[in-house]
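> After the structure tokens below, expect a handful of questions from me.
The values are calculated or read from the model by the stated rules, or taken from the named source; none is laboratory data. This structure is a prediction, so every number in the text was calculated from the model and none was measured. Please note: Cβ atoms are built from the backbone with ideal geometry, for glycine as well, and neighbour counts cover all protein chains shown.
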């Protein structure tokens, strides 16, 4: 799997992971560099626009989704991402 990072405006380097790929979307998880805890991790849903999105029995490939994510996509996803946990 291709490894990708998103560098936030504050300089934080978030590691990207693709989870639960479906027919038309996949979960993009932004892992905080602190590691060891999901406390700061964030997630957003990426909507796929390929042919697979019209086939409910299809499943997206994680590597293909990762390769399709450009810097602009990651910026937009990070801006609308939400914390995975709010338990502090």
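> How many residues are touching a strand residue (DSSP E or B) at 6+ places or on another chain (Cβ under 7 Å) and either over 23 Å from residue 68 (Cβ atoms) or in a strand (DSSP E or B) (or both) when one looks only at the stretch 8-41? Outline the logic, then answer.
At the first step, the residues of the stretch 8-41 found to be touching a strand residue (DSSP E or B) at 6+ places or on another chain (Cβ under 7 Å) are 8, 13-20, 24-33, 41.
Narrowing the set further to residues that are either over 23 Å from residue 68 (Cβ atoms) or in a strand (DSSP E or B) (or both) leaves 13-19, 25-33.
Here the count works out to 16.
> OK, next. Kindly check whether there is at least one residue in the stretch 62-78 that is modelled with pLDDT under 75, more than 18 Å from residue 19 (Cα to Cα) and either within 11 Å of the chain's Cα centre (by Cα) or exposed (fewer than 15 other Cβ atoms within 10 Å of the Cβ) (or both). Steps first, answer last, please.
Taking the stretch 62-78 and keeping what is modelled with pLDDT under 75, we get none.
For the stretch 62-78, residues modelled with pLDDT under 75, more than 18 Å from residue 19 (Cα to Cα) and either within 11 Å of the chain's Cα centre (by Cα) or exposed (fewer than 15 other Cβ atoms within 10 Å of the Cβ) (or both): absent.
> Among the residues of the stretch 42-57 satisfying the criterion of being part of a loop (DSSP other than H, G, I, E, B) and surrounded by 12 or more Cβ atoms within 10 Å (Cβ to Cβ), which is modelled with the highest pLDDT? Before the answer, list the steps.
Step one: filter the stretch 42-57 for residues part of a loop (DSSP other than H, G, I, E, B), giving 48-50, 55-57.
Add one more test, that the residue is surrounded by 12 or more Cβ atoms within 10 Å (Cβ to Cβ), and what stays is 48, 50.
On the way: 48: 85, 50: 73.
Of everything passing the filter in the stretch 42-57, 48 is modelled with the highest pLDDT.
> So residue 66 clears everything in (1) assigned to a helix (DSSP H, G or I); (2) without any contact (Cβ under 8 Å) to a residue 40 or more places away in the chain except one condition, right? Which one?
Checking residue 66 against (1) assigned to a helix (DSSP H, G or I); (2) without any contact (Cβ under 8 Å) to a residue 40 or more places away in the chain, the one that fails is (2).
> Take the residues in the stretch 4-18 that are free of Cβ contacts under 8 Å to residues at least 60 places away in the same chain and in contact with a helix residue (DSSP H, G or I) (Cβ under 8 Å, 6 or more places away or on another chain), then tell me which one is surrounded by the most Cβ atoms within 10 Å (Cβ to Cβ). Break it down stepwise before answering.
If we filter the stretch 4-18 for residues that are free of Cβ contacts under 8 Å to residues at least 60 places away in the same chain, which is where we start, we get 5, 7, 9-13, 15-18.
Those still in the list that are in contact with a helix residue (DSSP H, G or I) (Cβ under 8 Å, 6 or more places away or on another chain) too: 16, 18.
Values: 16: 18, 18: 22.
This residue is 18.
> Looking at the stretch 24-41, which of its residues are free of Cβ contacts under 8 Å to residues at least 40 places away in the same chain and either exposed (fewer than 15 other Cβ atoms within 10 Å of the Cβ) or out of contact with any helix residue (DSSP H, G or I) (no Cβ under 6 Å at 6 or more places or on another chain) (or both)? If you could, list the steps in order and put the result at the bottom.
Keep residues of the stretch 24-41 that are free of Cβ contacts under 8 Å to residues at least 40 places away in the same chain, which gives 24-27, 31-37.
Result: 25, 27, 31, 32, 33, 34, 35, 36, 37.
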